[in-house]
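Asks: Next up is a structure, given as structure tokens.
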Amino acid sequence: MNWSFQLYSARNFQPWDGILEMVADAGYRQVEGFGGVYDDPPAFRKKMDANGLSMPTGHFGIDMLESDFAKAGDIAKTLGVTDIICPFLMPDQRPKDRAGWTAFGKRLAKAGAAAKKAGFDFGWHNHNFEFEKLPDGSMPMNAILEAAPEIGWEIDVAWVVRGGADPLEWIDRYGSRITAVHVKDIAPKGGNADEDGWADVGHGTIDWKTIMKALTGKTPAKVFIMEHDKPSDVGRFARRSIEAANRL
């Protein structure tokens, strides 16, 4: 499998030249972009090319997608991105009820239509807040996917777990919508406090062997992205994670 590496994991370990070299040396062949690498897309593309890396997926905020999709599209095309992913919604922008999340889903549907028209795939990337029950007992994730039936889903398995949900149940229900996967792990309770409780893939509590079997058997996902939100040593994370993933 051509494992990808979410560059957000390395945001605190600059320069990018060294990061891309390290990632390639560890065995990755793909990376996933985020806003921190979009300042000079042609220059960054050259750095990726020099290390034999491609960028099939990239994260773009809802603000850019709605205010200047042409700019997002230009960045994506320059970097070789084919699947634009909207990754997050700030706490003060999050709806409080199902109607609000349905309205947000329709915003994503509109962004997805623009992406499709420009030749891109499009999806939403979850965190934990989409699985926190609303006053009527429903969940934001259901409202989003139902209001935007044409968009994909980049599932972040570890955030699903942190949201108190069972990823296997969500894969069973929405597997056909899952186009990409964030492969991330959670430390045992109380562990890795300096890393916000995250762990290197295969060295935490998530049963990745079972989950990968479900993902490869029940979804069309082709891109599997290693991520750690706060590694204390990005090289250690990159190496140990791909070694463990290759044994799955």
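The values are calculated or read from the model by the stated rules, or taken from the named source; none is laboratory data. In this text, all values refer to a predicted model and were calculated from it rather than measured experimentally. As a convention, Cβ positions derive from the backbone with ideal geometry for all residues, glycine included, and neighbour counts pool all protein chains shown. With ligands, DNA and RNA removed, areas are computed over all heavy atoms of the protein, side chains included. Shrake-Rupley method; radii C 1.70, N 1.55, O 1.52, S 1.80 Å.
Asks: Between Lys218 and Phe129, what FRET efficiency comes out of the Förster formula 1/(1 + (r/R0)^6) with R0 = 25 Å and r the beta carbon distance, rounded to 0.05?
Replies: On the way: r = 25 Å, r/R0 = 0.99.
Efficiency, rounded to the nearest 0.05: 0.50.
Asks: Which residue, Gly202, Ile225, Asn246, has the largest displacement toward the positive end of the dipole of the range 149-248 when charges sit on each Cβ (Lys, Arg +1; Asp, Glu -1)?
Replies: Asn246
Asks: Here is a further query. If you take the charge dipole of the range 27-124 about its Cα centre, with +1 on Lys and Arg Cβ and -1 on Asp and Glu Cβ, which of Pro41, Phe122, Phe88 is farthest toward its positive end?
Replies: Checked the options; the winner is Phe122.
Asks: Here's a follow-up. Could you order the peptides 234-240, 121-127 from most to least packed, using the average number of other C-beta atoms within 10 Å per residue?
Replies: Taking the mean over residues of other Cβ atoms within 10 Å, the ranking is 121-127, 234-240.
Asks: So, by mean Cβ neighbours within 10 angstrom, what's the order for 1-14, 188-201, 143-156 with the highest one leading?
Replies: Ranking the peptides 1-14, 188-201, 143-156 by packing returns 143-156, 1-14, 188-201.
Asks: OK, next. By the scheme Lys and Arg +1, Asp and Glu -1, what is the net charge of all other residues having a beta-carbon under 12 Å from that of Asp63?
Replies: Counting the neighbours of Asp63, the net charge comes to 0.
Asks: Taking +1 at the Cβ of each Lys and Arg and -1 at the Cβ of each Asp and Glu, which of Gly164, Ile144, Asn12 sits farthest along the dipole of the chain towards its positive end, judged by Cα position relative to the Cα centre?
Replies: The Cα lying farthest towards the positive end belongs to Ile144.
Asks: Sticking with this structure for a sec: Expressed as a rounded percentage, what relative contact order does the range 52-204 have, with Cα pairs under 8 Å and six or more residues apart?
Replies: Reported relative contact order: 18 percent.
Asks: How large a share of the accessible area of the range 1-66, in percent, is made up of carbon and sulfur atoms when the probe is 1.4 Å and the other protein chains stay in place? Provide the component values of the computation, followed by the final result.
Replies: On the way: 1330 of 2860 Å².
Here carbon and sulfur together make up 47 percent of the probe-accessible area.
Asks: Ok, one more. Given +1 on the Cβ of Lys and Arg, -1 on the Cβ of Asp and Glu, and no further charges, what dipole in debye does the range 37-115 carry about its Cα centre, rounded to the nearest 20? Could you put the intermediate results ahead of the total?
Replies: Working: 11 positive and 10 negative charges, 51 e Å.
Using only the charged Cβ atoms, the result is roughly 240 debye.
Asks: Per residue, how large is the accessible surface of the range 130-235? Use a 1.4 angstrom probe and give square angstrom. Write down the numbers at each step before the final one.
Replies: On the way: 4390 Å² over 106 residues.
Each residue of the range 130-235 exposes 41 Å² on average to a 1.4 Å probe.
Asks: Output the relative contact order of the range 17-72, whole-number percent, from Cα pairs under 8 angstrom with separation of 6+ residues.
Replies: Value for the range 17-72: 40 percent.
Asks: Treating only the Cβ of Lys, Arg, Asp and Glu as charged (+1, +1, -1, -1), what charge dipole size does the chain show about its Cα centre? Round to the nearest 20 debye.
Replies: Dipole magnitude for the chain comes out near 540 debye.
Asks: A further question follows. Please figure out what share of the DSSP beta bridges in the chain is antiparallel and state it in percent, rounded to the nearest 5.
Replies: DSSP beta bridges in the chain are roughly 5 percent antiparallel.
Asks: Holding the Cα-Cα limit at 19 Å, pick out from Lys71/Lys116; Lys71/Lys222; Lys77/Lys116; Lys77/Lys230; Lys96/Lys189; Lys189/Lys230 the pairs that are longer than that.
Replies: Lys71/Lys222; Lys77/Lys230; Lys96/Lys189
Asks: Expected output is a single nm value to one decimal: the length gained when fully extending between Thr82 and Lys46, i.e. 0.36 nm times separation in residues minus the C-alpha distance. What is it? Present the calculation step by step, with values, prior to reporting the outcome.
Replies: Working: separation 36, 0.36 × 36 = 12.96 nm, distance 1.76 nm.
Extra length available between Thr82 and Lys46 comes to 11.2 nm.
Asks: Stretch Asp17-Met1 to full length: gain in nm at 0.36 nm per residue minus the Cα-Cα span?
Replies: Full extension from Asp17 to Met1 adds 3.4 nm.
Asks: Magnitude of the Cβ-charge dipole of the range 47-177, K/R +1 and D/E -1, about the Cα centre, nearest 20 debye?
Replies: For the range 47-177, the charge dipole is close to 280 debye.
Asks: How much length, in nm to one decimal, is gained on full extension between Arg94 and Asp207, taken as 0.36 nm per residue of separation minus their Cα-Cα distance?
Replies: Answer, rounded to one decimal: 37.7 nm.
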